[in-house]
Amino acid sequence: RKKMVKICCIGAGYVGGPTMAVIALKCPSIEVVVVDISVPRITAWNSEQLPIYEPGLDEVVEQCRGKNLFFSTNVEKHVSEADIIFVSVNTPTKTLGLGAGKAADLTYWESAARMIADVSKSDKIVVEKSTVPVKTAEAIERILTHNSKGIKFQILSNPEFLAEGTAVWDLFNPDRVLIGGRETPDGQKAIQALKKVYANWVPEERILTTNLWSAELSKLAANALLAQRISSINAMSALCEATGADVSQVSHAVGKDSRIGPKFLNASVGFGGSCFQKDILNLVYICECNGLAEVADYWKQVIKVNDYQKNRFVNRIVSSMFNTVSGKKIGVLGFAFKKDTGDTRETPAIDVCKGLLGDMARLSIYDPQVTDDQIQKDLTMNKFDWDHPVHLQPMSPIDIKQVSVVWDAYEAAKDAHGLCILTEWDEFKILDYQRIFDNMQKPAFVFDGCNVVNVGELREIGFIVYSIGKPMDPWFKDMPAMA
Ligand code: NAI
């Protein structure tokens, strides 16, 4: 009997956890162990309260944990026993040294690669699951082969295209699975071995195989193109406000064009999440390193428009509330970077809240999935100073006393002068806005950063409503200070 294939995944985060849980579920004959150096993360994966919130994930983990899915901090043991090793560690933007503010920080990746080389006693397939700069496989290959004591390693690039909030669905029904490898016989053999894993549930025609560099670059390209759509429609939203066009009508109309398509055309306060900004900065850096200044500038603009959109939103709030929010309570609905996740990495809410605190507002924040602790941490943490302007004041310790986190939308809005919606949670669509209005200071403002409220209904109630890219309330037009 052939021995059971063993998979080990290094990094039990938003990608490693759900991806491996789904592989375990779909491949009962494969043993999957997810390892991480973070003890609290692994403890949480082994508990009832998983470390990340993803619809449907609890059920998947429950079905296979303890059978063919395991979570462990014993990194070296499981790496040495595995046939296929996925590396799904974090690859944040470098904050120091060469390429700071743009280049990907591969410290975690490199230390994982060195550890693999150290503990391996048999041939391995090493799979890049993390998003990495194009050509990383070459660097990893050198680390592995120079430390390998004669063991053979094959590197594959298998970038992950899941989106947070729909991770389980995306993993069950991927648009495509991409596998890149060396164009040598051994490289092709490795590609086939990984393909066989996915073929347990993914139709053959959706499994694409390419060379290593195409696979690595495709992930950066996909994120750049997705973010670019958001910045494009957000740029249009500013023009809509200036002209009386309605951005929802515009995006509906243009999305009907089959060459454009309807998805990813919702105007908002800006994109967030751990990937878009860092991956575009990484792409920009790679372009610069290759002497492609114009290409670098083109993609940099996607991030600049995103920053512009967040600043515009803050400015709109302050200027419409008589040019000051000092001492005024503002209710904030939503803090996660999008609905159905508790992830706050790079959420526009951080920049918007910091902007309002910079003008001395008092904030009362509610998000269904984000903890008080996390919000306080995000707002006090000194965010890395990107090379693009964010125009935000540094935080002083006093400012943070101006923040309270509550567990109810009505509580957040109570006695507030204004209400900001920063995440498109479904529950914000069906709040009792009459009740909210009755308990707010007057004039009562709503600033909808995700186009979730019914503007007409809210105006009927008596709110002054600003909704991104929608025809403006006369109030805003008449505000003399508004730029
Ligand atoms: P994460 O930060 O949630 O998880 C990474 C984990 O790796 C952490 O738990 C960390 O403790 C662990 N780790 C770091 N170094 C380690 C080492 N040497 N040994 C063992 N464990 C180690 O990151 P996330 O969000 O899962 O992202 C991972 C990669 O996947 C990144 O490159 C990201 O760009 C990419 N990606 C992320 C997506 C997302 O939606 N979050 C989607 C697609 C790709």
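Tallying residues that are within 11 Å of the ligand (Cβ to nearest atom) and out of contact with any strand residue (DSSP E or B) (no Cβ under 6 Å at 6 or more places or on another chain) within segment 131-158 yields 3.
Within segment 46-56, the residues that satisfy the criterion of being farther than 11 Å from LEU69 by Cα and either of a type in the set (D, E, K, R) or in contact (Cβ under 8 Å) with a residue 24 or more places away in the chain (or both) are GLU48, LEU50, PRO51, ILE52, TYR53, GLU54, PRO55, GLY56.
Within segment 197-230, work out how many residues are polar (S, T, N, Q) and buried (at least 22 other Cβ atoms within 10 Å of the Cβ).
Of segment 197-230, the ones polar (S, T, N, Q) are 200, 209-211, 214, 218, 223, 228.
Now drop any that are not buried (at least 22 other Cβ atoms within 10 Å of the Cβ), which leaves 223.
So the count comes out to 1.
So is SER258 among the hydroxyl-bearing types (Ser, Thr, Tyr), outside any helix (DSSP H, G or I) and farther than 30 Å from ALA349 by Cα or not? It is true that SER258 is among the hydroxyl-bearing types (Ser, Thr, Tyr), outside any helix (DSSP H, G or I) and farther than 30 Å from ALA349 by Cα. Is segment 141-158 home to any residue that is under 30 Å from ASP58 (Cβ atoms), in a loop (DSSP other than H, G, I, E, B) and in contact (Cβ under 8 Å) with a residue 60 or more places away in the chain? Yes, segment 141-158 contains at least one residue that is under 30 Å from ASP58 (Cβ atoms), in a loop (DSSP other than H, G, I, E, B) and in contact (Cβ under 8 Å) with a residue 60 or more places away in the chain.
Of all residues in segment 415-425, none are farther than 15 Å from LEU333 by Cα and loosely packed, with under 14 Cβ neighbours inside 10 Å.
Tallying residues that are within 10 Å of the ligand (Cβ to nearest atom), without any contact (Cβ under 8 Å) to a residue 60 or more places away in the chain and small (Gly, Ala, Ser) within segment 92-130 yields 2. In the set (1) free of Cβ contacts under 8 Å to residues at least 60 places away in the same chain; (2) buried (at least 19 other Cβ atoms within 10 Å of the Cβ); (3) closer than 21 Å to GLU424 by Cβ, THR371 fails one condition alone, (2). Only one of the listed residues (ASP257, ASP307) is surrounded by fewer than 19 Cβ atoms within 10 Å (Cβ to Cβ) and either of a type in the set (Asp, Glu) or away from the ligand (no atom under 16 Å from the Cβ) (or both). That residue is ASP257. Counted as qualifying within segment 1-91 are no strands (runs of 3 or more DSSP E), as none has 3 or more residues that are within 15 Å of the ligand (Cβ to nearest atom) and not assigned by TED's automatic domain parsing to the domain that holds ASP170. Screening ASN200 with (1) more than 22 Å from ASN306 (Cβ to Cβ); (2) in contact (Cβ under 8 Å) with a residue 40 or more places away in the chain; (3) in a helix (DSSP H, G or I) gives one miss only, at (3). Which number in (1) of a type in the set (D, E, K, R); (2) assigned to a loop (DSSP other than H, G, I, E, B); (3) farther than 28 Å from VAL284 by Cβ marks the one condition that LYS338 misses? Condition (3) is where LYS338 drops out.
Is one or more of the residues making up segment 271-294 within 30 Å of PHE476 (Cβ to Cβ), more than 16 Å from the ligand (Cβ to nearest atom) and outside any loop (DSSP other than H, G, I, E, B)?
The initial filter retains those residues of segment 271-294 that are within 30 Å of PHE476 (Cβ to Cβ), namely 271-273, 276-277.
With more than 16 Å from the ligand (Cβ to nearest atom) added as a condition, the list becomes none.
Within segment 271-294, not a single residue is within 30 Å of PHE476 (Cβ to Cβ), more than 16 Å from the ligand (Cβ to nearest atom) and outside any loop (DSSP other than H, G, I, E, B).
Screening the candidates VAL295, VAL332, VAL314, VAL284 for the property of being more than 30 Å from VAL405 (Cα to Cα) and either surrounded by 21 or more Cβ atoms within 10 Å (Cβ to Cβ) or more than 26 Å from the chain's Cα centre (by Cα) (or both) yields one hit, VAL284.
The values are calculated or read from the model by the stated rules, or taken from the named source; none is laboratory data. Quantities reported herein were computed from a predicted structural model and do not represent experimental measurements. Every residue, glycine as well, gets a Cβ built from its backbone with ideal geometry; the counts of neighbours run over all protein chains shown.
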